[in-house]
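A short write-up of the structure that comes next.
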Amino acid sequence: MKKAILAVTAISALCASALLPANAQAADSPLFPAISLIAGFLNQGIFPESDLYTTDDDIIINATDGVELAANVFVPTTGSGPYPAVIFINSWAANEYQYLTEAARFAEEGYVVLSYSTRGFGTSGGLIDTAGPLDMADLSAVIDYLITHFDVDPNAIGAAGISYGSGISLLGAAHDPRISAVAAMSTWGSLTEALYGQETPRLIWGELLTLSSGLTGNPDQIIRDTWNKVLNREDMASVYAWTDLRSPLNYVDEINANGAAVYISQNWGDNLFQPNSVLDLFSRLSVEKHIDLQPGTHAGAEIGGLLGGGDTHVLNNVHRWFAEHLKGESGAMEGQKPVHMKVKFSSGYQEYDAFPVPQATTETFYLQPRNLFRNGQLSDTPFQSWLAKDNSINSLFDTVASTQVPLLSQILEQLEVPVLANIGHIQRSNGIVFESNRRWSDMQIRGNAELSLMVQPKSDNLHMVAYLYDMNPLGVGKMITHKPLTVHDTTPGETLRVDFPLTTVAYDVPAGHKLVLVIDTHDLLYAGPQGVRSIDFEFSSGEQSTLTVPVL
C-alpha cells in the first residue's frame, strides 16, 4: 500500500513538472529550488547543473553491519584539493535529495558535498534507528567513505541537517571527533522533552512522526511501541532509556571534548522540539557556537529557505559558519554575537552575548484570585488576606485559549499572522484568567517565563495548559507563548506546588496593553488524562503563586 501511494504521488509530481515551462525547470529559474525539493521528497533527484562542479548520484556506502546507504556527491571542478567537505543528513521522512540546491551552492564555494539517506529512508536499507547507535556508526562510515574516495581535508569536515539530520549531526559530533563543525537546524536537545515534556504526550507531533515513518520509510517496531508507551504511560523506564540515548543534551561533555563548532537554528513556534531544551544544550556548550532564534513552526524557517533557493538569514549563516570553521575564513560570521533573536512580529534580529540574556532582569507577578466582578490579577505585590481563598475550574469543555490549528497556526505566525483569543469569552468554569495592569511602557520579554502555582487537584492526576497573552484595549489577546503540565498519581484534595517554565520566546508587549495569563485543561497539541477533572487554585499569604518573566 505504501509503495502504491508513493508511486502514484511520484508519477503525479513528475507529470506536473513536465507541464511546467522548460525554463521553470532550469537551474537558474526561481522555481527550480522548489521543484527540486518537492521531487526530492518523492525520491526523485533533480540536480542543478553547473561547470563549477560534477555530480554522482550512484553512490552506495556500506555500513558496518552490511546495510547499504544511498548517497550522492557534488565535487568542485575549480581550485585544488584537499577540499573542505559538508555531509548533509536528511530530515525525518526525507532522503538524500533534500538538499540538492544547497549542495550546489556549497560546491560552487569549493566544498565537496555528500548527502546520504539515513538507514530506513529513501532507498537506503535497514530499519529507521531514530538517531541511535546504528546511525552513529553509519555517519562514521560515511566519513570514512568521503575521506577514502575524494580529495577532502580530513580536518575540515562538517555535518548539517534539518530536524532529524540536525540531531544526528550533533550526536555525531559527540561520537566522531573528525567532525569539525555542525549546522543543526530545528534540532532537539532532549528527545524525552520532545515526546513527553512535563509528562505530557505531544499528541499531534508524535502521531505525525510515527505515521510518516511508515509511509516513507521502514520503521523499527520500537518506534511505534515507544510512542504507545508514552501515550499509555507504560514502562516509562524503557522509554527514558531509549530517548536519553538519543538526546544531544546528554552528550555535551563529549561535544565539548571533541571541539566541533556548533551552529543552531531554532524556531519559537516549534512545538515538536520546543526551544527550551535546545537552549539548555546551547548554554552548556563551551565550543565555538552560535544560535539563531526566529518565529515559525518546526523546520519552517529552514524548509522555507530551501524552497526559495537559500538566500535567508539562517541558510546564509550556515554558509558563513562553515566558511569560518571549515575553510578558516576569519570573520566570515561578520562579527555576529553568539545569540540572535528575532522578536515575534518584528523585523530583524537582536544580538546578545549569551543565553540566558545577560541584560535581562526578572519581573515577578503575584497571582491574585478572581471574584464575581473581575478576573484574577497579576499584581506586583503579594496576595495578603487573613483567610485563604480558592478558584476552581474543570475539564468538561475547552476554552477559546488555544494554540489553534496544529502546525498551520505556527506557520502563519512566521508570516506575522498571530494566534488570537477573545479573553472575555473564556468560560470561568473551564479556565481562569489573570491580567496585569495596563502597561505604561513596552515590556520586552526575552527567555523563559516561569510559573509557580499552588493547586489542589480533585482527582488522581493534574493536567493544565498555561497560555501567556498580550491583550489589547479591546480585550483581544495575541498569544505570546504557552506550555502544558501533567502531574500523575496525585492525591485528591491534597494541595501541592507545581513549577514549570513556559516555552522560550522573544516578544514585546506594547505600552497600553496588558499581560494576561490563562490556564485551562485542553489543547489539540497534547494528550491529557481521560475523564472530567477539577482543579482548585489556592491563594494564601503564606504560599504565593507567581509568574516570573525575563525582561529587558
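We did not get these values from a lab; they are worked out from the coordinates using the rules stated. Note that this is a predicted model, so its numbers are computed, not measured. Heads up, the Cβs are rebuilt from the backbone with ideal geometry, glycines too, and the neighbour counts pull from every protein chain shown.
Taking amide H as placed 1.01 Å from N in the peptide plane, the amide H of residue 265 sits under 5 Å from that of 184, 185, 186, 187, 292, each at least 5 places away or on another chain. Between residue 64 and residue 548, the modelled label-to-label distance comes to 4.4 nm, taking each label 7 Å out from Cα in the direction of the beta carbon.
Annotation: amide H-H contacts under 5 Å for residue 67 (H modelled 1.01 Å from N, sequence separation of 5 or more, or interchain): none. Taking a ≥ b ≥ c as the square roots of the eigenvalues of the Cα gyration tensor of the range 50-352, is the shape rounded (a/c under 1.5), prolate (a/b larger than b/c) or oblate? Oblate, because a/c is 1.5 or more while a/b does not exceed b/c. Computed from the Cβ-Cβ distance with R0 of 25 Å, the FRET efficiency linking residue 373 to residue 440 stands at 0.55.
Its Cα gyration tensor gives the range 66-187 an equivalent ellipsoid; the semi-axes, largest first and in whole Å, are 21, 15, 14. In this simple spin-label model, placing a label point 7 Å from the Cα along the Cα-to-Cβ direction at both residue 389 and residue 345 gives a separation of 3.0 nm. Between residue 233 and residue 257, full extension at 0.36 nm per residue minus the direct alpha carbon distance yields a gain of 5.0 nm. Across the chain, the relative contact order, built from alpha-carbon pairs under 8 Å that are at least six residues apart, equals 12 percent. What is the calculated FRET efficiency for residue 329 to residue 150, with r their C-beta to C-beta distance and R₀ = 30 Å, to the nearest 0.05? For R0 = 30 Å, the calculated efficiency reads 0.90. Checked against a 28 Å cut-off, the cross-linked pairs 337/478; 483/514; 229/478; 342/478; 229/344; 229/458 give Cα-Cα distances beyond that limit for 337/478; 229/478; 229/344.
Other residues within the sphere of radius under 11 Å centred on the Cβ of residue 276, judged by their own Cβ, net out at -3 (K and R +1, D and E -1). Alpha-carbon geometry of the chain: the Rg and the Dmax are 24.7, 82 Å, given in that order. Of the GluC sites (Glu not before Pro) found in the range 481-552, those in coil by DSSP whose Cβ has at most 11 other Cβ atoms within 10 Å are 494. Using a simple spin-label model with pseudo-atoms 7 Å out from Cα toward Cβ, residue 28 and residue 499 lie 6.1 nm apart. Restriction of the GluC sites (Glu not before Pro) in the range 343-428 to DSSP coil positions whose beta-carbon has at most 16 other beta-carbons within 10 angstrom yields 416. Under 5 Å between amide hydrogens, built in the peptide plane, is the criterion, and for residue 45 it picks out nothing among residues at least 5 positions away or on other chains. For the range 203-290, the set of GluC sites (Glu not before Pro) satisfying both a DSSP loop assignment and a count of at most 14 other C-beta atoms within 10 Å is given as 234. For the pair residue 54 and residue 241, a Förster radius of 41 Å applied to the C-beta separation gives a FRET efficiency near 0.35, rounded to the nearest 0.05. Computed on the range 420-552, the Cα convex hull volume stands at 114 Å³ per residue.
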